[in-house]
1. Search the stretch 43-62 for residues that are farther than 20 Å from F32 by Cα and pair each with any residue that is in a loop (DSSP other than H, G, I, E, B) and among the hydroxyl-bearing types (S, T, Y) when their beta-carbon atoms are under 7 Å apart and the residues are at least 6 apart or on different chains.
2. Of everything in the stretch 1-33 that's part of a loop (DSSP other than H, G, I, E, B) and within 25 Å of T60 (Cα to Cα), which residue is modelled with the highest pLDDT?
Amino acid sequence: MRFWQSMSFTGAENLVTLGTKAEEVGFTGVAFADHLVTPERIDSPYPDTDDGRTWWDPKTHWPSPWPRRPTPRPLHGRPMRV
């Protein structure tokens, strides 16, 4: 079985530390959200909250996952997947 670590709401200042730790403890890779844009108004209910509203502020900055792709240089001799 392979395990992935979500780093969607991780601040840029913590990406290297957490990515390195994920690799050290054996995660297959890390994953990021791809919500580059969130509409200010969503008419359909959000399925993952009791009140149907998104739990994040629509003005939340969602950096593109591609520039955050870590270096392919593995710490423990195997490539870390992104």
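1. Once the first residue is farther than 20 Å from F32 by Cα and sits in the stretch 43-62, its partners that are in a loop (DSSP other than H, G, I, E, B) and among the hydroxyl-bearing types (S, T, Y) give G52/Y46; R53/Y46.
2. M7
The values are calculated or read from the model by the stated rules, or taken from the named source; none is laboratory data. Quantities reported herein were computed from a predicted structural model and do not represent experimental measurements. Reconstructed Cβ throughout: ideal geometry from the backbone, glycine too, with neighbour counts over all protein chains shown.
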